[in-house]
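The values are calculated or read from the model by the stated rules, or taken from the named source; none is laboratory data. Owing to the predicted nature of the structure, the values given are computational and were not obtained by experimental measurement. A quick note on method: Cβ atoms are made from the backbone with ideal geometry, for glycine too, and the neighbour counts reach across all protein chains shown. Heads up: the accessible areas ignore ligands, DNA and RNA and are worked out on the full protein's heavy atoms, side chains in. Shrake-Rupley method; radii C 1.70, N 1.55, O 1.52, S 1.80 Å.
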Amino acid sequence: MHTRRIGDVEVSAIGLGAMPMSIEGRPDEARSLATIHAALDAGVTLIDTADAYHRDAHEVGHNETLIAKALASHDRGKDVLVATKGGHLRPGDGSWTLDGSPRHLKAACEASLRRLGVEAIGLYQFHRPDPRVPYAESVGALRDLLDEGKILMAGISNANPDRIREAGEILGGRLVSVQNQFSPAFRSSEPELRLCDELGIAFLPWSPLGGISRARELGSAYAPFARVAEAHGVSPQRVCLAWMLAKSPVVVPIPGASRPETILDSLGATGLALTAEEIAELDAV
């Protein structure tokens, strides 16, 4: 397995996005556990989750609990960096709400610690800016959690360049990651990716294949990805992830999966070498 770095931690160059295993349309627990175990068997050492990855209002943290169970039942579970998030909420009606208050973030972190069964969270990320709360106050909560040893590393998600710089200052240079949406269908995070490359901060693209409902349509929606895939005898999804990896050594995609075969196909991207001409063709999409 090829590796990259988040802060001082070496992780697999592609992580597992666990959200599909807990929200609407999720599989049964047995298949989810099999998916996580298949990823671990293949060398994955980064799993991304959040307390908001659940379906019903009464099951906050469903995904974290699932991951904790999967890691506890696998001999490589202790080698995994679990990245979780706080600040997003799901009332249970399918909607998403926000609470970026320091009080909420600190309480959410404590709850995540209990669900994950750890003394300190490997990577804790502020999930999404809350317009009702000054950004500095939200990120200040992460600073406090770092100082208290509740979290080992801090990251932010859904942030623009100004907020990346602001978070870096508030955290005293301890910002290690930015998790933004980025895919062939969503290219507006290019400036954030370039800034992370400049600063040496890990950039974690979420929904790198276009999202749960659109991932299978990547090749039909974007012909260049299908052409390059056919030339290499692989899936368009694998080409997509290889293209992202080629953009910068700070990029660590976290494709979502709920089937063993899906994450295994994604992991093949780490060994797929694209030519400069192919990368240029894909960049032009």
So what is the relative contact order for the chain, in percent, with contacts set as C-alpha pairs under 8 Å and at least six apart?
-> 19
Carbon and sulfur together cover what percent of the accessible area of the chain at a 1.4 Å probe radius?
-> 50
Once both labels are modelled 7 Å past Cα along the beta-carbon direction, what's the Glu169-Asp75 spacing in nm?
-> 5.1
Exactly which GluC sites (Glu not before Pro) in the range 86-152 are in a DSSP loop and have at most 16 other Cβ atoms within 10 Å?
-> Glu119, Glu148
Provide, for the chain, the number of lysine pairs with alpha carbons under 24 Å apart, each pair being eight or more places apart or on different chains.
-> 8
Once the dipole of the range 154-241 is set up with Lys and Arg at +1 and Asp and Glu at -1 on Cβ about the Cα centre, which of Pro161, Pro208, Val228 lies farthest towards its positive end?
-> Val228
Listed residues Thr35, Thr3 arranged by accessible area, highest first, probe 1.4 Å | Thr3, Thr35
Accessible surface, the chain, averaged per residue in Å² (probe 1.4 Å) = 42
Using the charge dipole of the chain (Lys, Arg: +1 at Cβ; Asp, Glu: -1 at Cβ; taken about the Cα centre), state which of Pro102, Val82, Val250 has its Cα farthest towards the positive end.
-> Pro102
May I ask you to evaluate 6.51 cos²θ - 1.76 cosθ + 1.60, the Karplus curve with θ = phi - 60°, for each residue of the range 272-280 and list the ³J(HN,Hα) values in order in whole Hz, giving x for glycine and proline?
-> 9, 9, 9, 6, 4, 5, 5, 4, 5
Give the long-range amide H neighbours of Ser207: residues separated by 5 or more places, or on another chain, with amide H under 5 Å away, using H modelled in the peptide plane at 1.01 Å from N.
-> Gly256
Based on DSSP, what percent of beta bridges with both residues in the chain are antiparallel, to the nearest 5?
-> 25
Taking only Cα atoms of the chain, radius of gyration then Dmax in Å | 17.8, 53
